[in-house]
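K.L.:
My questions all concern the structure below.
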């Protein structure tokens, strides 16, 4: 990626990495659409031999030789038995039955996690700079599990099985399904046992936002990653005949439009189809569109496809207006014709002009790449939100990372829009999604794993979470683009990742496999269900033990208070107290940490003890937190933050309270 | 009904430690378990590192029959996931 290394201050991490760093021994397994091995992001210059413990392989196939792998790309395999059994045998004229990436997504995600440094990276001139993965020294193994027809759980589980057996230290999965119990979810089951074997599993939170409770991959042993913007933008201006100039975004790079105005028409008035306003394929009337700027509404078909539809109908350019579902979120696309995507508000302003002026005109001016955009990050509207529908007592997502307009390596098979009609070939592409934020965290997890090879997956996750930030440098809280207001922990989890701080967290919340089994006992899973998730046959939930989800040593807090019956609307004086127990492990120098709590007015928070002294590294100290609150109307939520600090380190946990 | 005849992929989670002594390898035991409910089904994958078990194409009736066999922890229909 370009820019995200600067945005995340990765240049400051070098000095913090211990001499004993074993980052080049860490292999990031990426389960995705495969790999384009010819990309310079897999250049292995400067790499030593592949670790002797590595058991992976580079699978030979028609369009993929074992020579495609090297000391950087150490494994490439594909898993298609489930896909082919569920659909049809793969049509090799349409997709490669090999690890080769026909789509681009897998090349993008794996290079984001651990791609080598590539100077002169750009997409059609946009986002130019030196591209690199989050961990340039980690190695990459790709496991192709996603095909034209989707990603099937039998293939995903087989790939996870192989990746862990091969020796991957981090697994990155930028894919997911709906909400389902952990014992039915193959990714949750595979991740449980991967984590039990010391492998960090980082997954995308999903693109179901901004609606609440839209998360994927929410098992507590998974690191669930939401998406935010970076300080880079690609402005493109809609210049209207009435003199108004409205800012949208675009990655169009062809011949620019004239600054003289063009006739301007609403797609809904240039069609005989009821959904013509969406610029669906074959719906625009060429005699009405030819030579004009066309305003299309966002929705249903791909944004970039609308551009092809306008172009094919003879349109000169396109203004793409967000609907209420997208609000003000601007996602840049490498449109095939001069185009700009504008937010709903500006879209309404443009439509107002378009519908009131008898002879509306417009043109589009492309602004190129701008950096230093503030505020940033802001939460992407599409990023899936909590609370967790499965376990409201675990706060999800865990963390936010860059996932909007991310440049990374691309396949040579399709153009940057991914449309069959797009004949352009680019080495890099700019795309958005929690798919893009997930590998940022996977790569950073590899960085931490290399720096501290004895840290458990949960310690690494804790370090990333407790050092993340939830406010801008001026103290204002991170914004949510969906609302324009401050984001909550249900949007950002612990906050936005801060790699230099994660390398020196001071304290971590560690969790063992047995702790996770106690968690499953607390969920009242049956023995068969726990055995299926954990693979452990001798597991038992003790009848005499009271298991509680709140005892899981999680780096964040989520308290789901039950509303007293009859309290809806008016509230009730009945106070409920919920206790959480946590244990902190010192991973830094000896020190004394003091706690501070920012609690919402609805909740009283008491921490005991208020001070924890650590005499040595590895020492563990426990504390309890009591959350007391009177009943609130059902659906209420409130938030806070609990921070342990020795004056140098800040070990922060978000607090989320709901009343159901 | 047609739905009852239609085969789907199921992921079968097994209690590996409960393998009868008559079997030398888990894959043989999995195969025998599958064979006891279906003459035609074949194992697509065997899982051993992050899960214990296998997956196969089964009718719903065969899947239900498999659930009742000793050593079978769970039988889950395959789920399609999507890129994010």
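K.L.:
Any chance you could give the angle, 0 to 90 degrees and rounded to 10, that helix B:26-35 forms with the longest Cα principal axis of chain B?
P.N.:
For B:26-35 against chain B, the angle is about 50 degrees.
K.L.:
Test of understanding: express the Cα radius of gyration of region A:375-478 as a ratio to 2.2 N^0.38 Å, with N the residue count.
P.N.:
1.34
K.L.:
Which value at 222 nm does chain A reach when only helices count, each DSSP H run of 4 or more adding -39,500 (n - 2.57), with the total divided by all residues and rounded to the nearest 500 deg cm²/dmol?
P.N.:
On the way: 14 runs with 126 residues, N = 660.
Counting only the DSSP helices, I get -5500 deg cm²/dmol.
K.L.:
Turning to a different aspect of this structure: Using the Kirkwood formula on the Cα atoms of region A:1-95, what hydrodynamic radius do you get, in angstrom to one decimal? Don't skip to the end; give the middle numbers.
P.N.:
Working: mean 1/r = 0.0610 Å⁻¹.
For region A:1-95, the Kirkwood estimate is 16.4 Å.
K.L.:
With contacts defined as alpha carbon pairs under 8 Å and 6 or more residues apart, what's the relative contact order of chain A in percent?
P.N.:
With pairs under 8 Å counted, the relative contact order is 15 percent.
K.L.:
Right, something else. Two decimals is fine: what's Rg over Rh for region A:267-314, C-alpha atoms, Kirkwood radius as Rh?
P.N.:
When Rh is taken as the Kirkwood radius, the ratio is 0.89.
K.L.:
Here's another thing I want to ask about it. Give me the base-10 log of I(q)/I(0) for region A:525-565 at each q in 0.15 Å⁻¹, Debye formula, one uniform scatterer per Cα, rounded to two decimals.
P.N.:
Debye intensities relative to I(0), on a log10 scale: -0.58.
K.L.:
Per 5 Å bin, what percent of the C-alpha pairs of region A:436-575 does each bin hold, from zero upward?
P.N.:
2, 8, 13, 14, 14, 16, 15, 10, 6, 3, 1
K.L.:
State the antiparallel share, in %, of DSSP beta bridges confined to chain A, rounding to the nearest 5.
P.N.:
So the antiparallel bridges in chain A amount to around 60 percent.
K.L.:
Using 0.36 nm per residue, how much length does the chain from residue A:351 to residue A:594 gain when fully extended, once their Cα-Cα distance is taken away?
P.N.:
81.9 nm
K.L.:
With no solvent and one point per C-alpha, what does the Debye sum give as log10 I(q)/I(0) for region A:546-660 at q = 0.14 Å⁻¹?
P.N.:
With one equal scatterer per Cα and no solvent, log10 I(q)/I(0) is -0.60.
K.L.:
Viscosity 0.692 mPa s, temperature 37 °C: what is the translational diffusion coefficient of region A:219-271 from Stokes-Einstein with a Kirkwood Rh over Cα pairs, rounded to a whole number of µm²/s?
P.N.:
This corresponds to a translational diffusion coefficient of 214 µm²/s.
K.L.:
Oh, and also: Under 1.5 on a/c is rounded, so check that first for region A:316-443, then, if it is not, pick prolate when a/b is larger than b/c and oblate when it is not; a ≥ b ≥ c are the square roots of the alpha carbon gyration tensor eigenvalues.
P.N.:
The shape class here is oblate.
K.L.:
Still on this structure, I have one more. Could you give P(r) for region A:230-333, binned at 5 Å from zero, as whole percent values over all Cα-Cα pairs?
P.N.:
All Cα pairs considered, the percentages come to 2, 13, 24, 25, 21, 12, 3, 1, 0.
K.L.:
Against the 2.2 N^0.38 Å scaling, with N counting residues, where does chain B land? I'd like the Cα-based Rg ratio to two decimal places.
P.N.:
1.09
K.L.:
What relative contact order, as a whole-number percentage, does region A:257-343 give when Cα pairs under 8 Å and 6 or more residues apart are counted?
P.N.:
About 25 percent, as a whole number.
K.L.:
Quick check on region A:202-243: what does the Kirkwood estimate of hydrodynamic radius come out to from the alpha carbon pairs, in Å?
P.N.:
13.5 Å
K.L.:
Using a simple spin-label model with points 7 Å from Cα along the Cα→Cβ vector, what separation in nm is obtained for residue A:300 and residue B:6?
P.N.:
Between residue A:300 and residue B:6, the simple spin-label model gives 2.7 nm.
K.L.:
Return the equivalent ellipsoid semi-axes of the protein assembly as shown as a descending list in whole Å, where each equals the square root of 5 times an eigenvalue of the C-alpha gyration tensor.
P.N.:
Taking √(5λ) for each eigenvalue gives 41, 33, 27 Å, largest first.
K.L.:
Also: Take every Cα pair under 8 Å in region A:19-108 that's 6+ residues apart, average their separations, divide by the length, and report that relative contact order as a whole percent.
P.N.:
RCO, region A:19-108: 41 percent.
K.L.:
Something else about it: Quick one: order A:199, A:310 by neighbouring beta-carbon count within 10 Å, fewest to most.
P.N.:
In order of increasing Cβ crowding within 10 Å: A:199, A:310.
K.L.:
What translational diffusion coefficient, to the nearest whole µm²/s, does region A:110-253 have by Stokes-Einstein, given a Kirkwood radius computed over alpha-carbon pairs, a temperature of 4 °C and 1.567 mPa s viscosity? Don't skip to the end; give the middle numbers.
P.N.:
Working: Rh = 18.0 Å.
Here the translational diffusion coefficient equals 72 µm²/s.
K.L.:
Expressed as an acute angle from 0 to 90° and rounded to the nearest 10, what is the orientation of the C-alpha long axis of helix A:105-114 relative to the principal long axis of chain A?
P.N.:
50 degrees
K.L.:
If R₀ is 51 angstrom, what is the calculated FRET efficiency for the pair residue A:472 and residue A:274, using the beta carbon separation as r and rounding to 0.05?
P.N.:
Here the calculated transfer efficiency is 0.70.
K.L.:
Using only Cα atoms and rounding to the nearest 10 degrees, what angle (0 to 90) does helix A:344-356 make with the longest principal axis of chain A?
P.N.:
20 degrees
K.L.:
If you split all Cα-Cα distances of region A:95-185 into 10 Å bins from zero, what percentages do you get per bin, shortest first?
P.N.:
14, 40, 32, 13, 2
K.L.:
Taking neighbour Cβ counts within 10 Å as the exposure measure, how do B:45, A:469 sort from fewest upward?
P.N.:
Exposure proxy ranking, most exposed first: A:469, B:45.
K.L.:
Ranking A:225, A:471, A:587, A:539 by Cβ neighbours within 10 Å, fewest first, what do you get?
P.N.:
A:471, A:539, A:587, A:225
Laboratory data are not the source of any read-out in this text; all were calculated from the coordinates shown. Owing to the predicted nature of the structure, the values given are computational and were not obtained by experimental measurement. Using ideal geometry, Cβ is built from the backbone for each residue, glycine included, and neighbour counts are taken over all protein chains shown.
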